[in-house]
Amino acid sequence: CREVEADLFHPVGWSWDSDGARLQLARARSVCAGCPVRRPCLDDAMERGDGWSVRAGTTPEERRALGAQLTRSAR
């Protein structure tokens, strides 16, 4: 992602729900799909609580759901 415009990983407007944002999300995910540091990126995003950008091909909402799922399975 270092060679891609950073704006790609931040939503158009205020959410990922618009048509433009969904297209942008798909493009960001395609960049993340082949990334060799995808797992460390995801771990970092979850540790920091990044609540705005696409990290490791996931949205903040997806990371929150993943964190909740991991918490439930740890019990």
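Quick check on the range 33-48. Is at least one of its residues touching a Ser or Thr at 6+ places or on another chain (Cβ under 7 Å) and either of a type outside the set (K, R) or surrounded by 12 or more Cβ atoms within 10 Å (Cβ to Cβ) (or both)?
At the first step, the residues of the range 33-48 found to be touching a Ser or Thr at 6+ places or on another chain (Cβ under 7 Å) are 42.
From what is left, the residues that are either of a type outside the set (K, R) or surrounded by 12 or more Cβ atoms within 10 Å (Cβ to Cβ) (or both) are 42.
Yes, some residue in the range 33-48 is touching a Ser or Thr at 6+ places or on another chain (Cβ under 7 Å) and either of a type outside the set (K, R) or surrounded by 12 or more Cβ atoms within 10 Å (Cβ to Cβ) (or both).
Among the listed residues R27, R55, R64, R22, identify the single one that is open to solvent by 90 Å² or more (accessible area, probe 1.4 Å) and in contact with a Phe, Trp or Tyr (Cβ under 9 Å, 6 or more places away or on another chain).
Matching residue, one of R27, R55, R64, R22: R22.
For the range 39-60, give me each residue that is within 14 Å of L8 (Cβ to Cβ) and either among the basic types (K, R) or in contact (Cβ under 8 Å) with a residue 60 or more places away in the chain (or both).
The answer is R55, and nothing else.
Looking at E3 and the list (1) touching a Gly at 6+ places or on another chain (Cβ under 9 Å); (2) outside any helix (DSSP H, G or I), which single condition is not satisfied?
Answer for E3: the failing condition is (1).
Consider E62 carefully, then state whether it is at negative phi and either β-branched (V, I, T) or in a helix (DSSP H, G or I) (or both).
Numbers: at negative phi: yes; either β-branched (V, I, T) or in a helix (DSSP H, G or I) (or both): yes.
So E62 fits the description; yes.
Provide a single number: the residues in the range 9-32 that are over 11 Å from R55 (Cα atoms) and part of a helix (DSSP H, G or I). Walk me through it before giving the result.
To start, the set of residues in the range 9-32 that are over 11 Å from R55 (Cα atoms) comprises 11-24, 26-27, 30.
Narrowing the set further to residues that are part of a helix (DSSP H, G or I) leaves 19-24, 26-27, 30.
Total meeting the criteria: 9.
The values are calculated or read from the model by the stated rules, or taken from the named source; none is laboratory data. If you're wondering where the values come from, they're calculated on a predicted model, not measured in any experiment. Every residue, glycine among them, receives a Cβ derived from its backbone with ideal geometry; neighbour counts consider all protein chains shown. The accessibility values were calculated without ligands, DNA or RNA, using every heavy atom of the protein model including side chains. Shrake-Rupley method; radii C 1.70, N 1.55, O 1.52, S 1.80 Å.
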